[in-house]
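Asks: Quick one: the structure is below, questions incoming.
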Amino acid sequence: FNVKYRRVLDSLRDKVCDFYRIKVSDFKSNSRKYNLVHARSVFSYVARNFSDIISPITPDQTYFNIGSYMNRHHASVINQINKYETGLKMDSSFRNELSYFIKYSYSDEIETEVMRRVNKLEVFNPIKFRNKNGRRYIAWS
């Protein structure tokens with residue numbers, strides 16, 4: 001695990017902890033409280049997809065590097081990133097929160113590039129309908 005990668009991840013971790021108002025020790029703990037899990041998901045998503053924007057000397061991080069940094073298995077990181085990406089596709093509040101986090105932590109230029117990439121994700125639109133018995137269902141298109 002390279003020292004320059006660790007510095008980038010340390011910086012990102014500190015910014016996530018500051019933004020979500022959690023302790024670094026809680027961030028690396030085994031707790032499954034929602035606010036901690038959500039903060040770890042944001043960290044994983046940004047580290048995996050936007051490390052090259054945040055720090056041009058480092059490429060996007062691998063699942064293994066992110067997992068070993070957070071004392072998690074790489075499969076846990078993949079699951080976190082997939083769930084967060086699904087949230088970005090389905091809920092605009094996830095996009096707003098990510099945009100605000102990047103703006104708060106870095107700069108408007110970086111936020112513009114991040115959101116340009118995020119906006120390329122295919123957004124799911126809910127379709128509400130009723131079956132013949134009158135039960136309501138929601139499907140995602």
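The values are calculated or read from the model by the stated rules, or taken from the named source; none is laboratory data. None of the values given here were measured: they were computed from a predicted structure. These accessible areas exclude ligands, DNA and RNA; they are computed on the full protein's heavy atoms, side chains included. Shrake-Rupley method; radii C 1.70, N 1.55, O 1.52, S 1.80 Å.
Asks: Over all distinct alpha-carbon pairs, what is the Kirkwood Rh of segment 79-121 in angstrom? Intermediate values should be presented prior to the final figure.
Replies: Numbers: mean 1/r = 0.0950 Å⁻¹.
So the Kirkwood estimate lands at 10.5 Å.
Asks: Name the long-range amide H neighbours of residue 55: under 5 Å, sequence gap of 5 or more, or other chain; modelled H, no Pro or chain starts.
Replies: none
Asks: Then there is this: Looking only at 103, 33, 89, which one moves most when the chain is put into a Gaussian network model with springs between Cα atoms under 10 Å?
Replies: Fluctuation is largest for 33.
Asks: Give me the accessible area of residue 86, 1.4 Å probe, in Å² rounded to the nearest 10.
Replies: 60
Asks: Please identify, among 122, 85, 111, the residue showing maximal mean-square fluctuation in a Gaussian network model of the chain using a 10 angstrom Cα cutoff.
Replies: 122
Asks: In the full protein assembly as shown, how much of residue 92 is accessible to a 1.4 Å probe, in Å² to the nearest 10?
Replies: Number for this one is 80 Å².
Asks: Which values, in whole Å and largest first, are the semi-axes of the equivalent ellipsoid of segment 1-60 obtained as the square root of 5 times each eigenvalue of the Cα gyration tensor?
Replies: Working: eigenvalues 90, 26, 19 Å².
That gives 21, 11, 10 Å for the three semi-axes.
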